[in-house]
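So the structure is just underneath, and the comments pick up after that.
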Amino acid sequence: MKKFWQLWLSAILATFLLAACGTDDAKKDNTPVNGSSQTEDQASEEVAEFPLTLTDAVGNDITLEQAPETIVSMIPSNTEILFALGLNDEIVGVNDWDNYPEEALEKEKIGGMEFNVEKIVSMTPDVVFAHESMLGTGEEGLQQLRDAGINVFVVKNAADFEQTYETIKTIGQATGKTEEAATIIEDMKAKVEEVLAKTAKVENEKRVFIETSDVPEIYAPGKNTFMQQILDMIGAENVVTEEDWVMISPEEIVKQNPDVIIVMYSYVPDIVESVKKRDGFSDITAVKEERVVQVDENLTSRTGPRLALGLEEIAKAIYPEAFGE
């Protein structure tokens, strides 16, 4: 189980790389880096009228004659967006890892990182929503789906909140759910504003370490990652100063002495207590002050409708006093 979880995590982490600049001012103006293409932005802002042609993340034009009646989703973030848009009846297949909402558990599974092309073809979906993070391992399978005459829309890697909003807009347009998409985005933005208003009052900035896997290979987000953007937004300091995702030793974590340790995975039982018992960790401020906190990795890693709740969960873990906790 651990092996498969880590393989999937490595794919998910690929969706969290930000552009090399622009995150420093995220907290000031709540305007994350927006690297989405002009074509995708323009398309997502138009009212959905069919037939409709959209350009996906790899530059392919996808023409939909009408709002799709049968949909396959190939990654959890897409699935959460589709369900939030009210497309339960239209969704006929989902990824093996899809676990939210509960209705997703009842859908036919099409595989994980290695998906079942024949099964998807047999479902005769009007559209398959793939994802840019899949291209390294799944491009051959996606081309087989295209060759079978199936519309494959590759959704762009959302590298920040703004691109997540654009993704929701685009999927909403592709499915004829533009109004529902707009409502989801408005609700997300309201939650983000609420969280930032509370954390803006914090006076003492906390130094934070976030880990996404356990020993012996502890991985953590550094600069130019989605998690870095979140920390910037709520006024917290990342103790990891290297670029992107890095493997870090327990000794270095002790040396950095974070005020808060956030555990962003759940495949290890009683992981919070396990972290506290690592050699030398009893001297870390976060351990001394009982500030080792486990968060829901689905909320904090899936770039979909619940991402604003993930921001709130991270903020509460670091600054509980700002939320009256």
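Only the coordinates and a few stated rules stand behind these numbers; no lab work does. Everything numeric in this text was worked out from a predicted model, so none of it was measured. So basically every Cβ, Gly included, is an ideal-geometry build from the backbone, and we count neighbours across all protein chains shown.
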* Structure fact -> One finds the C-alpha centres of region 267-325 and region 45-111 to be spaced, in Å, by 31 Å
* To do: Could you tell me how many degrees, from 0 to 90 and to the nearest 10, lie between the Cα long axis of helix 2-13 and the main elongation axis, the longest principal axis, of the Cα atoms of the chain?
  => 80 degrees
* To do: Find, among the GluC sites (Glu not before Pro) in region 191-229, those assigned to loop by DSSP (not H, G, I, E, B) with at most 16 other beta-carbon atoms within 10 angstrom.
  => Glu203, Glu205, Glu217
* How much length is gained if the chain between Arg146 and Ser282 is pulled fully straight, taking 0.36 nm per residue apart and subtracting their Cα-Cα distance, in nm to one decimal? -> 43.5 nm
* Structure fact -> The set of residues whose placed amide H lies less than 5 Å from the amide H of Val152, leaving out same-chain residues fewer than 5 positions away, is Val128
* **Pairwise FRET efficiency - Val272 versus Glu242, Cβ, R0 = 35 Å, nearest 0.05** => 0.90
* Asked: Among rounded, prolate and oblate, which fits region 201-323 when a ≥ b ≥ c are the square roots of the eigenvalues of its C-alpha gyration tensor, a/c under 1.5 means rounded, and a/b larger than b/c means prolate?
  -> rounded
* Structure fact -> Rounded to the nearest 0.05, FRET efficiency between Lys201 and Leu105 (Cβ-Cβ, R0 30 Å) equals 0.15
* Structure fact -> If amide H atoms are modeled at 1.01 Å from N in the peptide plane, then the residues at a separation of 5 or more from Val292, or on another chain, having amide H under 5 Å from its own are Ile261
* How large is ³J(HN,Hα), in whole Hz, for each residue of region 225-236 in order, when computed from phi with the Karplus curve 6.51 cos²θ - 1.76 cosθ + 1.60 and θ = phi - 60°, using x for Gly and Pro? -> 10, 4, 5, 5, 4, 4, 4, 4, 5, 9, x, 10
* Structure fact -> For Pro51, the net charge from surrounding residues (Cβ-Cβ under 13 Å; K, R +1; D, E -1) works out to -4
* Hey, what did region 201-323 get for relative contact order, percent, Cα under 8 Å, at least 6 apart? -> 25 percent
* Structure fact -> Scaled by the rule-of-thumb 2.2 N^0.38 Å, the alpha carbon Rg for the chain gives a ratio of 1.01
* To do: Would you mind checking which residues have amide H under 5 Å from Glu108's amide H? H placed 1.01 Å from N; only 5 or more apart, or other chain.
  => Val94
* Asked: So what is the calculated 222 nm ellipticity per residue for the chain, using -39500 (n - 2.57) for each DSSP H run with n of 4 or more, over all residues, to the nearest 500 deg cm²/dmol?
  -> -11500 deg cm²/dmol
* Asked: What net charge is computed for the residues neighbouring Thr79, neighbours being all others with C-beta under 13 Å from the C-beta of Thr79, Lys and Arg scored +1, Asp and Glu -1?
  -> -4
* Structure fact -> Cβ-Cβ cut-off under 13 Å around Ile184, Lys and Arg +1, Asp and Glu -1: the net charge is -1
* Structure fact -> Using alpha-carbon positions, the gyration tensor of region 29-191 gives root eigenvalues a ≥ b ≥ c; with a/c under 1.5 called rounded, otherwise prolate if a/b exceeds b/c, else oblate, the class is rounded
* **Whole-Hz ³J(HN,Hα) from phi, Karplus 6.51 cos²θ - 1.76 cosθ + 1.60, for region 154-160, glycine and proline x** => 8, 7, 5, 4, 7, 9, 6
* Additional length obtainable on full extension of the chain from Glu290 to Glu193, 0.36 nm per residue less Cα span -> 32.1 nm
